[in-house]
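Structure record follows, encoded as structure tokens.
The values are calculated or read from the model by the stated rules, or taken from the named source; none is laboratory data. None of the values given here were measured: they were computed from a predicted structure. Heads up, the Cβs are rebuilt from the backbone with ideal geometry, glycines too, and the neighbour counts pull from every protein chain shown. Heads up: the accessible areas ignore ligands, DNA and RNA and are worked out on the full protein's heavy atoms, side chains in. Shrake-Rupley method; radii C 1.70, N 1.55, O 1.52, S 1.80 Å.
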Amino acid sequence: GLRASFYVPINAPTLPGRMNEWKAAAAAGHELGNHSLFHACSARGAGREWVAPHRDLDQLLPAQLQEQVIAANTWLQALDGRTRRTFTPPCLDLKASGQNYVEALKPHFVAFRTAPAALVTDTATIDPYAVPVYFV
């Protein structure tokens, strides 16, 4: 059957009550992908008023985000037992304090979903660290 990647909101207040559902999804072959611990995004730009100051990528250091993403991997492994997964940066923002924080995370992931939605006509040409994202 069709398998999907779910980017689990680790800090969501609903997560403790849904642990068994996420475990069941993983057991059914779906990926529990990494989307970081706290969903930090840049507060710059229209429509980003919701970003809390303590989660504004423009105020955080790359090392802070990298530690959070690696910690999220550990948490996800405890949930599904897997060590290989993908990462989608929240809001597709790749920089913290103006510096790319995602590049240094490559050894921890098989792929990133970082590119805007696009039609892929030849899967052999996809960069595994720039896979298009389709929001559903």
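On the basis of being among the basic types (K, R), loosely packed, with under 13 Cβ neighbours inside 10 Å, modelled with pLDDT of 95 or more and assigned to a loop (DSSP other than H, G, I, E, B), does R82 make the cut? So R82 passes the test. Looking at A46, is it open to solvent by less than 40 Å² (accessible area, probe 1.4 Å) and more than 25 Å from A111 (Cβ to Cβ)? Against the criterion (open to solvent by less than 40 Å² (accessible area, probe 1.4 Å) and more than 25 Å from A111 (Cβ to Cβ)), A46 does not qualify. Kindly indicate whether F38 is in contact (Cβ under 8 Å) with a residue 12 or more places away in the chain, under 15 Å from C91 (Cβ atoms), of a type outside the set (K, R) and open to solvent by 50 Å² or more (accessible area, probe 1.4 Å). Answer is yes for this residue. Given the structure, is R55 surrounded by fewer than 15 Cβ atoms within 10 Å (Cβ to Cβ) and touching a strand residue (DSSP E or B) at 6+ places or on another chain (Cβ under 8 Å)? For R55, the condition - surrounded by fewer than 15 Cβ atoms within 10 Å (Cβ to Cβ) and touching a strand residue (DSSP E or B) at 6+ places or on another chain (Cβ under 8 Å) - is not met. Summed over segment 96-115, residues that are surrounded by 17 or more Cβ atoms within 10 Å (Cβ to Cβ) and not in a helix (DSSP H, G or I) total 8. Residues that are over 25 Å from E67 (Cβ atoms) and open to solvent by less than 50 Å² (accessible area, probe 1.4 Å) were ranked within segment 116-136; the one that is farthest from the chain's Cα centre (by Cα) is A118.
Looking at T114, T74, just one residue is modelled with pLDDT of 95 or more and either within 12 Å of G33 (Cα to Cα) or of a type in the set (S, T, N, Q) (or both), and that residue is T74.
Filter segment 1-35 down to the residues that are in contact (Cβ under 8 Å) with a residue 60 or more places away in the chain and β-branched (V, I, T), then identify the one that is surrounded by the most Cβ atoms within 10 Å (Cβ to Cβ). For segment 1-35, the residue satisfying everything is V8.
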